[in-house]
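Notes to accompany the following structure.
The values are calculated or read from the model by the stated rules, or taken from the named source; none is laboratory data. Predicted model, so just to flag it, every value in this text is computed and none were measured. Don't worry about glycine lacking a Cβ; one is built from the backbone with ideal geometry, like all the others, and counts go over all protein chains shown.
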Amino acid sequence: MKKHSFHKTIKPDIPSDCREIQKLNGEFICGELPYKTELAFVKHVRKCPSCMEELKAYFMFYTTVRYLNEYGDSNIPQTVEVLLKKIEDEEYNRKVRKRNWIIAFLALFGAIAILGTLLLRGALF
Ligand SMILES: [Zn+2]
C-alpha cells in the first residue's frame, strides 16, 4: 500500500537541514528563491558556519565563472555579506512597514472610539 506516498510529492519550500540549504546555494545567489525560502536560507547560514563556508565557496566560484563569461556583470553583489545584508534589510523594512500599519490602524481606531464616545455624550447631555 502506498498510503503515505502523497507526502513525497509536496516539495518543502522551507529547507530544514544543511544538505537542503547547500543545494539552494546557486538559486540563492541568482535571487531565484521564493521570499520565505530565501529568508530561511539567510537565517540558517547566519547560524551555521559550515553552510556559510559552502555559500562563500560557491559564491566565489560562481562570480568568477560569471565574470569570465560576461565580462564583469555588475548585477551580482561583490560579497556574500552584501547579499545576505540586502535580504535582512528587506525583511527589516517589511517588519517596520507592517508595524507602522498596525500603529496607524490602532490610532485611527482609537480616534474613532474617542469621537464616538464624545458624540454619544453630546447626544445624551
Ligand atoms: Zn547548515
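Would you mind finding the one in Glu32, Glu20, Glu27 that is modelled with pLDDT of 85 or more, within 14 Å of the ligand (Cβ to nearest atom) and acidic (Asp, Glu)?
Details: Glu32 fails: within 14 Å of the ligand (Cβ to nearest atom); Glu27 fails: within 14 Å of the ligand (Cβ to nearest atom).
The conditions single out Glu20.
Just need a number here: residues in region 35-52 that are more than 9 Å from the ligand (Cβ to nearest atom) and crowded, with 16+ Cβ neighbours inside 10 Å.
If we filter region 35-52 for residues that are more than 9 Å from the ligand (Cβ to nearest atom), which is where we start, we get 35-43, 46.
So of that shortlist, the ones also crowded, with 16+ Cβ neighbours inside 10 Å come out as 37-42.
Qualifying residue count, region 35-52: 6.
Does Ala57 satisfy being within 13 Å of the ligand (Cβ to nearest atom) and at pLDDT 90 or above?
In short, no.
With the requirement that a residue be surrounded by 16 or more Cβ atoms within 10 Å (Cβ to Cβ) and in a helix (DSSP H, G or I), what does region 21-34 give you? Spell out the reasoning first.
Restricting attention to region 21-34, the residues satisfying the condition of being surrounded by 16 or more Cβ atoms within 10 Å (Cβ to Cβ) are 21-22, 24-25, 28-29, 33.
Within region 21-34, Ile21, Gln22, Asn25, Phe28, Ile29 qualify.
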